[in-house]
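The values are calculated or read from the model by the stated rules, or taken from the named source; none is laboratory data. Because the structure is a prediction, the values reported are computed rather than measured. Reconstructed Cβ throughout: ideal geometry from the backbone, glycine too, with neighbour counts over all protein chains shown. Just the protein is used for accessible areas: all its heavy atoms, side chains included, with ligands, DNA and RNA removed. Shrake-Rupley method; radii C 1.70, N 1.55, O 1.52, S 1.80 Å.
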Amino acid sequence: MTVTAAQGFLASGVAAGIKESGDPDLALVVNRGPSRAAAGVFTSNRVQAAPVRWSRRVLADGRISGVVLNSGGANACTGPAGAEDTRVMAEHTARAVGVGPDEIAVCSTGLIGVPLPMDRVMAGIDAAAGRLSPDRGVEAAVAIRTTDSVHKTAVVAGPGWTVGGMAKGAGMLAPGLATMLVVLTTDADVTGAALDSALREAVRTTFDRVDSDGCMSTNDTVLLLASGASGVAPDPDAFAEAVHSVCLDLARQLVADAEGASKEIEVEVIGAASEGDAVTVGRSVARNNLLKCALHGEDPNWGRVLSAIGTTSAVFDPDRLDVAINGVWVCRDGAAGESRDKVNLSGRRITITIDLRSGDASAVIWTNDLTAEYVHENSAYSS
């Protein structure tokens, strides 16, 4: 269940001293081929960290051989010096693993505006390169954590090939990805163009539908690397589905580990005039802090759902809106439906279903409740 589940990949993770805690904070993932095909999707935030800019450039030809990742420092908003540090990280990693610097992507996560301690980073890269192994995928997943309480990995096996991956993220989870780093790997024999197509479609309906707190990061990166080591060229649809499954699994893990969360909330919008309308409504509901507080207190306050829907430009008739909370249709035709006393919110998972009764399109957004622990986490964590 790791980023090295697919053949042809090595990984490692070490404590380089970037974090004051002494916890693991630097990881490598290396593709030993024979293929080096790759694709990536990045944050849509206009303020982008130096590693994002670097990785966009090196992925332009649809090929990379490895990734160096660090936690404990985002290397964002660090000016020309931050860009130079990113280049140095890539070049040092390239020498350590025997490839060219334009074959190494760089990912960083942590505090914004703080330079990385490059002497420790360089030593960490050397240490991680010396530990590279197909058995150390978990090490890598642990090393990229920031406020995550657990490491996150997922694997899907196809007929003769595999897709695996790791992710980090627990806050600043919003559309345009999240404050997350994700590395996916496959030993399928797939072209860069096919990887790009499968990854973008998977991200569109998984990571892009996670909306924990409405905050978008500067460092979001999702990479998909193919080694071709299985020698199997998969059915394109089956491969795309496997990539989607791994992304969905990791996305749900992000929400489950959201800072301070006690409830995992699925907002399902059906009967929309378009998918865009469904997503817009779902996001509005997922970002409604009054509703998130109510659900934390196990109050099925459907009025706050309708209020959130009403702020959007989606097509609907306010007198035809239906809302269910955990399967109980508490709102029918824009008014009270079944008794809210029937709704059981004692469990961790909550589903809100909204029927706009305006078409056949649908979408799902994943979010979480708003808790005192979230406020504490983000008042104590400098960003």
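The relative contact order of segment 274-383, computed from alpha carbon pairs under 8 Å that lie at least 6 residues apart in sequence, is 32 percent.
Kirkwood hydrodynamic radius, computed over distinct alpha-carbon pairs, for segment 21-129: how many Å, to one decimal? Please list the in-between numbers first.
Values: mean 1/r = 0.0721 Å⁻¹.
It is 13.9 Å.
In this Cβ point-charge picture (+1 for Lys and Arg, -1 for Asp and Glu), segment 74-131 has a dipole of about 160 debye about its Cα centre.
Summing Cβ point charges (Lys, Arg +1; Asp, Glu -1) relative to the Cα centre of the chain gives a dipole of roughly 560 debye. Ordering His244, Trp302, Gln7 by Cα displacement along the dipole of the chain toward the positive end leaves Gln7 in first place; charges were set at the Cβ atoms of Lys, Arg (+1) and Asp, Glu (-1).
Among Ser55, Ser339, the order of accessible area from largest down is Ser339, Ser55, computed with a 1.4 Å probe on protein heavy atoms. Heavy-atom accessible surface of Thr4, to the nearest 10 Å², is about 20 Å², with a 1.4 Å probe and all protein chains retained.
Under a 5 Å amide H cut-off, with hydrogens placed 1.01 Å from N, Asp189 pairs with Gly231, Val232, Ala233 among residues at least 5 apart or on other chains.
Of Ala81, Ser71, Leu345, which is farthest towards the positive pole of the chain's charge dipole, taken about the Cα centre with +1 and -1 on the beta-carbons of Lys, Arg and Asp, Glu respectively? In the chain, that residue is Ala81. Only one of the listed values, [x] 25.6; [y] 18.0; [z] 28.6, was derived from the coordinates as mean projected area of the Cα convex hull in nm²; which label is it? Correct label, based on the coordinates given: [y].
Surface composition of segment 59-137: carbon plus sulfur atoms hold 53% of the accessible area, using a 1.4 angstrom probe and ignoring ligands, DNA and RNA.
Lys and Arg at +1, Asp and Glu at -1: add these up for the other residues within a Cβ distance under 9 Å of Gly8 and post the number.
Values: positive: Arg32; negative: Asp187.
The answer is 0.
Note on the chain: Lys pairs 8 or more places apart or on different chains, Cα atoms under 21 Å apart, count 8.
Considering only the other residues whose Cβ falls under 10 Å of the Cβ of Thr206, what net charge follows from Lys and Arg at +1 and Asp and Glu at -1? Before the final figure, lay out each step's value.
On the way: positive: Arg204, Arg209, Arg252; negative: Glu201, Asp208, Asp249.
Here the count lands on 0.
Shown here: segment 297-381, whose C-alpha atoms stretch 44, 31, 19 Å along the first, second and third principal axes, sorted largest to smallest.
Kindly sort Glu264, Glu298 by accessible area of their heavy atoms, largest first, with the probe set to 1.4 Å. Could you put the intermediate results ahead of the total?
Working: Glu264 20, Glu298 90 Å².
Final ranking, largest accessible area leading: Glu298, Glu264.
In the context of the full set of protein chains, the chain has a per residue accessible area of 37 Å² (1.4 Å probe).
In the chain, helices alone account for a calculated mean residue ellipticity at 222 nm of -9500 deg cm²/dmol, with every DSSP H run of four or more residues adding -39,500 (n - 2.57).
Put +1 on the Cβ of each Lys and Arg and -1 on the Cβ of each Asp and Glu in the chain; which of Ser212, Thr185, Ala286 then has its Cα farthest toward the positive end of the dipole? The Cα lying farthest towards the positive end belongs to Thr185.
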